[in-house]
Amino acid sequence: MADIVVTAARVAPVFPNSPSTIIRDFTTLAAVTAGQAAYGDPTTGKAGVADANDSGKEQCIGIFLHDKGAGETCKVLMRGEVYGYTLAGNYFTQVFLSNTAGALADAAGTMSVGVGKVFPLNDPDKTKVLFVDTDFTRVWS
């Protein structure tokens with residue numbers, strides 16, 4: 001399993017105004033960085049940094065879109081395409097939550113938590129972006 005490189009300064013939704021894109025505001029539990037995976041804390045209703053090998057934090061709900069401090073409001077992409085990741089694999093391959101807090105990986109971590117897939121844009125270069133679809137209604141246990 002290799003973690004996928006993310007450039008926080010380049011993290012942005014590809015189609016922010018698409019009716020299929022879901023972006024929601026959450027209050028952060030701690031400082032977060034754009035591109036990190038988010039989980040929803042069931043006792044506070046806030047979002048923290050997801051982790052595939054930390055019980056309770058594997059409940060991935062999306063991707064943080066901004067750098068924010070603890071207690072600040074941050075937009076989380078719950079569904080849709082996002083820029084900012086170095087996606088070296090083939091198109092349509094699955095991307096997983098990593099055992100590294102906040103990171104994504106090219107293979108499953110301790111818990112097999114799918115976050116999305118490598119997706120081509122319909123440009124001449126077939127630019128690779130991450131299509132996020134976290135299945136946030138599933139209980140990972």
Computed curve, region 1-74, Cα-only Debye sum without solvent term, log₁₀ I(q)/I(0) at 0.15 Å⁻¹, is -0.51
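Output the direction-averaged projected area (hull surface divided by four) of the convex hull of the alpha-carbon atoms of the chain, in nm².
7.8 nm²
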Given 13 as the ceiling on other Cβ atoms within 10 Å, longest exposed-site-free region of the chain for trypsin sites (Lys or Arg not before Pro) in DSSP loops: 1-125
Is there a quick way to get the dipole size of region 8-133? I mean about its Cα centre, with the Cβ of Lys and Arg at +1 and of Asp and Glu at -1; what is the value in debye to the nearest 20? 160 debye
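Exposure proxy check: Ile23, Ile4 ranked by fewest other beta carbons within 10 Å? Numbers along the way, then the final one.
Values: Ile23 17, Ile4 20.
Fewest-to-most Cβ neighbours within 10 Å comes out as Ile23, Ile4.
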Report the one residue of Gln36, Thr7, Val129 whose Cα lies farthest in the direction of the positive end of the charge dipole of the chain (charges on C-beta: Lys and Arg +1, Asp and Glu -1; origin at the Cα centre). Val129
Cβ-placed point charges (K, R +1; D, E -1), dipole of region 61-123 about Cα centre in debye, nearest 20: 160 debye
How about region 33-109: which chymotrypsin sites (Phe, Trp or Tyr not before Pro) there lie in a loop by DSSP and see at most 13 other Cβ atoms within 10 Å? Tyr91, Phe92
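Here, each number is a calculation from the coordinates, and none is a lab measurement. This one's a predicted model, so the numbers in the text were calculated from it and none came from an experiment. Neighbour counts are summed over all protein chains in view; Cβ atoms, including those assigned to glycine, are modelled from backbone coordinates with ideal geometry.
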